[in-house]
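No value in this document is a laboratory result; all are computed from the given coordinates. Being a predicted model, the structure only gives us computed values, none of them experimental. Virtual Cβ from ideal backbone geometry, glycine too; neighbours counted across all protein chains shown.
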Amino acid sequence: MNADGSIPTCATDSLTRLGELLAVAGKRLTAPPEDLLALAPTVSGWSPAQHLFHLVLACDLSFRNVSSLVRERGRLIRDPEERHAEGLGYLSAGKLPRGRAEAPRFVRPPERIDFELLAELHREACEACAEFARDPAAVDRAPKAIPHQLLGDLSASEWLRFAEVHTAHHLAILDEVRAELGLG
């Protein structure tokens, strides 16, 4: 951790990895709908489709926060003051613990999945990731923060790191669900 409590991050690295993870998510979206809707309750209460829906909603929120921070416009922007060392440690390590947090309602997946909407949200996440990759230095330069419900104030590059780590977390769970169901 840096002296100011922030984690060392690089927008270029997070965007590269996030782009790769979103490509994996896109491949998972091509599975038959019945496979995407199957449940493995011993692994997760969500279906693979719900994990995909959740991760693209969380990416969308993260990208909106990054955009606000880069433009320095938005109601939630503030100086980074409230830092949560434990949560930032997860981002620094690149791994989130399982079952420790509940998704906020605005990124919770619906019970019934609209696959066309899911594909559109995925496409928009990929486009946003590519857009930020055109000028990652602008992300790294953004001086302010927007609070995360559990991690405290995150800078623009930390929001990208969160999106990266969070996406990897849910893809791993999704793959566990698929394995438990024998879907390979």
Exercise for the section: Per DSSP H run of at least 4 residues, take -39500 (n - 2.57); add these up for the chain, divide by its residues and hand me the 222 nm value, nearest 500 deg cm²/dmol. Expected result: -18500 deg cm²/dmol
Handout entry: Degrees between helix 115-133 axis and first principal axis of the chain (Cα, 0 to 90, nearest 10)
Key = 30
Practice task
Among 121, 48, 101, pick out the residue whose Cα is farthest towards the positive end of the charge dipole of the chain, where Lys and Arg carry +1 and Asp and Glu carry -1 on C-beta, about the Cα centre.
Solution key: 101
Handout entry: Sequence-separation-based contact order of the chain, relative, with Cα cut under 8 Å and 6+ spacing, percent
Key = 43
Handout entry: Residues residue 150 and residue 35, FRET efficiency given R0 of 41 Å [Cβ-Cβ distance, rounded to 0.05]
Key = 0.85
Fill in the blank from the handout: Distance in Å, no decimals, from the C-alpha centre of segment 87-112 to the one of segment 117-184 is 11
Problem - Point-charge dipole on Cβ atoms (K/R +1, D/E -1) for the chain, about Cα centre, debye to 20 - result: 200
Practice task
Enumerate by residue number the GluC sites (Glu not before Pro) in segment 21-116 meeting two conditions: DSSP loop (anything except H, G, I, E, B), and at most 11 other Cβ atoms within 10 Å of the site's Cβ.
Solution key: 72, 81, 102, 111
Problem - Selected from 56, 43, 66 as most flexible by GNM, with the chain as the system and alpha-carbon contacts under 10 Å - result: 43
Exercise for the section: Return the sequence-ordered ³J(HN,Hα) values of segment 164-175 in whole Hz as given by the Karplus equation 6.51 cos²θ - 1.76 cosθ + 1.60 applied to θ = phi - 60°, using x for Gly and Pro. Expected result: 4, 5, 5, 5, 4, 4, 6, 5, 5, 5, 4, 5
Handout entry: Inter-label distance for residue 108 and residue 120, nm, one decimal - labels placed 7 Å from Cα along Cα-to-Cβ
Key = 2.3
